[in-house]
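The values are calculated or read from the model by the stated rules, or taken from the named source; none is laboratory data. These numbers come from a predicted model, not from an experiment. Please note: Cβ atoms are built from the backbone with ideal geometry, for glycine as well, and neighbour counts cover all protein chains shown. Areas reflect the complete protein model, heavy atoms only, side chains present, ligands, DNA and RNA absent. Shrake-Rupley method; radii C 1.70, N 1.55, O 1.52, S 1.80 Å.
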Amino acid sequence: MAGTNNILDKQHNFLNFSNIFNNSHQGWQGFLDTVSFDKEGIKAKLHNLNKPCYIIKANGQIGITNEGNWVHINNGEIAQKEMLIAVPPLGIQQLGDPNFRQFHGVKYAYAAGAMAHGIASEELVIALGKEKILSSFGAGGLSPSRVEKAIYRIQQALNQEPYAFNLLHSPSEPAIERRMVDLYLQSQVRTIEASAFLDLTDNIVYYRAAGLSLNAANQIEIKNKVIAKVSRREVATKFLQPAPTKLLKQLVAQGLISEFQANLAEKIPMADDITVEADSGGHTDNRPLVCLFPSILELRDQLQSKYNYEQPVRIGVAGGISTPQSALAAFIMGAAYVVTGSINQSCIEAGTSQHTKELLARAEMADVMMAPAADMFEMGVKLQVLKRGTLFPLRAQKLFDLYKNYDSIEQIPQEERDKLEKQILRKSLQAVWEETVNYLSQRNPDKLTKAANNPKLKMALIFRWYLGLSSRWSNTGEKGREIDYQIWCGPAMGGFNDWVRGSYLADSHNRKVVDVAYHIMTGAAFLYRIQSLKLQGLQMPDDYSQYIPMNSPKF
């Protein structure tokens, strides 16, 4: 096709190939009717990732094909069909570390991270697991009985398919952390995602060591896999090293693990995979990925040289992963796998209310802010939440300011207490305390005993009533409390919405977690192809290198 139909040639969007490739002695052998010179044909060939992509020059025109093969041109011979660039097929499975896929029995180097209170629901984990994509159930903040029901349902639905459960560090409630570990061991949950850990505890060391043995080949067999989510070098160091001898001896003395298992634990790292968490929803240090990830990767290499593990710890990334571009950037930096979070809670399968999903589907990157966290309120720890459509972050900050400035509820001026009861709590302080007593008497009676002689702790527990329930209101869709919804969210949500605008995924009713995973990974592979072509001298209009998720995939 000549003239106006030859988009690439007409727009002069290729470099001067005659200067670059004249001495390459490469030609193309194939049928010209497989070569596209028009806009739609060129795009289709670029998107055909399962086949190689050849940029050829034939009869003075430049086109693209996925067929044929290159041939060597003898000196002096003039090629009628000249091969300008060739790139190989690129499947989604080629992105990331193949060891991650093999170790976890998954088809993508992609995982959906845990979102507490069951936001990463059974439905979400099962939908992804059935497509052999790893996902972690959001067990944080849920009772052991609720988590036990989730384990049963997921195990029944997935059988041998991949899944994981979250183990959320609970520094103020270590007994709950231990009950979760006991439950996971009893139920043979073989993969946990450990998050929010500030230091190693005997609980996570117990989970890790209790699954160690030697196989027939006299190799250490790791039955209990650990994926640790970290955002600090000092915490990463602990998971990159073997379990502390002190904790192992303590577990042996308690009869929880054998001496043999303790010896094996000193020969392997505490984690099989470390997810480097950058700026994300919920608990976050707001670290920039491009600085944090290389630092942890270099740390891993240092400790690998020291311990010489048979299988080095894989380093993946989370936080900000919401588009093909961000996923590809992570893989190019050397990520073994990528983890999505915020974007999944706007999907159909997430354990959030439809109102919350609609708010998330409209969120922009600047529509987030930091607010006090319920689980670490007294420590001043904050998490990232959505601010658009809710007053939660401002009201939560107000509660923390009161906690910081006063030593008891009684010290708070009466005018402020009235505002608390009418505007935020919508109940009397006494009624909130009575509900808190009923809750803690079942979950953590020791905390009640301490509060009896500590008025500041009592005040914190009253404020945590609001902080804790606000996230549940968001999940269940509590009517009349929409303005108080606590919605964990990072700027990745806005990036995702920008990307899918104009596509079928713009509507939250169409957002399936499997579709999102597929399009992010496929888009990343497509963009890798585009960048490979550009690095070899190809120039094209910007709309040729965009990946838009137009259709639901068929598996």
Discussion item. Less than 18 Å from a label point 7 Å out along the Cα-to-Cβ axis of Lys107: which backbone N atoms in segment 310-349 qualify, by residue?
Written reply: 338
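As a test of the formula, what do you get for the chain when each DSSP H run with n ≥ 4 contributes -39,500 (n - 2.57) and the sum is divided by the residue count, at 222 nm and rounded to the nearest 500 deg cm²/dmol?
On the way: 21 runs with 229 residues, N = 555.
Helices in the chain give a 222 nm mean residue ellipticity of -12500 deg cm²/dmol.
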Worksheet item: For Kirkwood radius over Cα pairs in Å, which listed value, [x] 25.9; [y] 23.2; [z] 24.0, comes from the coordinates shown?
Response: [x]
Worksheet item: By how many degrees, 0 to 90 and rounded to 10, does the Cα axis of helix 392-405 deviate from the longest principal axis of the chain?
Response: 40
Worksheet item: Which residues in segment 478-512 have a backbone N closer than 17 Å to a point placed 7 Å from the Cα of Ile548 along the Cα-to-Cβ line?
Response: 496-507
Discussion item. Run the reach check for Lys267 against lysines, Cα to Cα strictly under 19 Å, same-chain hits fewer than 8 apart removed. What comes back?
Written reply: Lys223, Lys225, Lys238, Lys246, Lys249, Lys306
Practice prompt. Within segment 360-378, which residues have the backbone N less than 15 Å from the label spot 7 Å out from Val290 along Cα→beta-carbon, could you tell me?
Written response: none
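Relative to the present Cα-Cα distance, how much length would full extension add between Met379 and Lys249 at 0.36 nm per residue of separation? Write down the numbers at each step before the final one.
Numbers: separation 130, 0.36 × 130 = 46.80 nm, distance 3.05 nm.
Contour length minus the Cα-Cα distance gives 43.8 nm.
Using the Cα centre as the reference, give the magnitude of the dipole from point charges on the C-beta atoms of segment 167-216 (Lys, Arg: +1; Asp, Glu: -1; all else neutral), rounded to the nearest 20 debye. Don't jump to the answer; show the numbers that get you there.
Working: 4 positive and 6 negative charges, 40 e Å.
Roughly 200 debye, rounded to the nearest 20.
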Fill in: the chain - accessible surface per residue (Å², probe 1.4 Å)
43
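Among DSSP bridges having both ends in the chain, what percentage is antiparallel? Round to the nearest 5. Let's see the in-between values first.
Values: 28 of 54 bridges.
Roughly 50 percent of the DSSP beta bridges within the chain come out antiparallel.
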Item to complete: Please calculate the 1.4 Å probe accessible area of Val385, with all protein chains present, and give it to the nearest 10 Å².
Response: 0
Item to complete: Could you work out how far the C-alpha centroid of segment 486-555 sits from that of segment 227-273, in angstrom?
Response: 39
Worksheet item: With every protein chain kept in the model, how would you rank Ser187, Ser552 by accessible area, 1.4 Å probe, largest at the top?
Response: Ser552, Ser187
Worksheet item: For helix 324-333, what angle does its Cα long axis make with the longest principal axis of the chain, in degrees from 0 to 90 and rounded to 10?
Response: 90
Fill in: Under 19 Å from the Cα of Lys45 - lysines, other chains or at least 8 residues apart
Lys10, Lys57, Lys81, Lys534
Response to the item:
Of all trypsin sites (Lys or Arg not before Pro) in segment 453-555, the ones in DSSP coil with at most 10 other Cβ atoms within 10 Å are Lys479, Arg501, Lys554
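Based on the alpha-carbon gyration tensor of segment 302-414 and its eigenvalue square roots a ≥ b ≥ c, which shape applies: rounded if a/c is under 1.5, prolate if not and a/b is larger than b/c, or oblate? Walk me through the numbers on the way to the answer.
Details: a/c = 3.19, a/b = 1.53, b/c = 2.09.
Note, shape of segment 302-414 comes out oblate.
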Response to the item:
With all protein chains present and a 1.4 Å probe, the order of Phe239, Phe555 from largest accessible area down is Phe555, Phe239
Worksheet item: Given Lys404/Lys456; Lys149/Lys387; Lys51/Lys554, which pairs have Cα atoms separated by over 21 Å?
Response: Lys149/Lys387
Item to complete: Let me know the charge dipole size of the chain about its Cα centre in debye, to the nearest 20, where only the beta-carbon of Lys, Arg (+1) and Asp, Glu (-1) is charged.
Response: 440
